[in-house]
Amino acid sequence: MSKKFKRQGWWRLKRLGDSWRKPRGIDSRMRLKMKGKPPVVSIGYRTPRSRRNLHPSGLSEVLVHNLRELERVDPSKQAVRIASTVGRRLRSQILKVAEEKGIKVLNPGVGHEA
């Protein structure tokens, strides 16, 4: 998925990133929303309320630090993201239990299937 909204002039200068910045120039055609210019962020582009804060898979994300937190996850509505502070041993245990329960893990790590 490519970004819909990109910074004005991102293609001109290598030092400019493409992350969104509001165009503020006096004569900016992009700010004036002229035809043929890139789109400007506005309220009409907002995601429907039912799909907000969801993973692209349609599941809501739950941050898991231990096996107790994994017990409370509903596999039909939620997906798991393992916290960055979890070590290798506990991560492998969480992955094993999640696979048994059919819970989707969003960041399984190297050498594991998503």
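Miscellaneous remarks
- Residue satisfying condition, being surrounded by 11 or more Cβ atoms within 10 Å (Cβ to Cβ), touching a Lys or Arg at 6+ places or on another chain (Cβ under 8 Å) and closer than 25 Å to GLY111 by Cα, within set ALA83, ALA79: ALA79
- Any hit, the stretch 64-71, residues being within 17 Å of the chain's Cα centre (by Cα), loosely packed, with under 14 Cβ neighbours inside 10 Å and not in a loop (DSSP other than H, G, I, E, B): no
- Qualifying positions in the stretch 32-76 - touching a residue at least 40 places away in the same chain (Cβ under 8 Å), hydrophobic (A, V, I, L, M, F, W, C) and more than 17 Å from PRO108 (Cα to Cα): none
- Scanning the stretch 72-112 for residues that are among the hydroxyl-bearing types (Ser, Thr, Tyr) and either in a strand (DSSP E or B) or closer than 30 Å to PRO48 by Cβ (or both) gives a single hit, SER76.
- Output for the stretch 12-49, where each listed residue is surrounded by 10 or more Cβ atoms within 10 Å (Cβ to Cβ) and within 24 Å of the chain's Cα centre (by Cα): LEU16, GLY17, ASP18, SER19, TRP20, ARG21, LYS22, PRO38, PRO39, VAL40, VAL41, TYR45
- Residue list for the stretch 40-68, restricted to those being in contact with a helix residue (DSSP H, G or I) (Cβ under 9 Å, 6 or more places away or on another chain) and more than 30 Å from ARG7 (Cα to Cα): VAL62, LEU63, VAL64, HIS65, ASN66, LEU67
Read-outs throughout are calculated quantities, based only on the coordinates presented, and are distinct from any laboratory measurement. Nothing here was measured: the structure is a model prediction, and the numbers come from that model. Note that each Cβ is placed from the backbone with ideal geometry, even for glycine, and that neighbours are counted across all protein chains shown.
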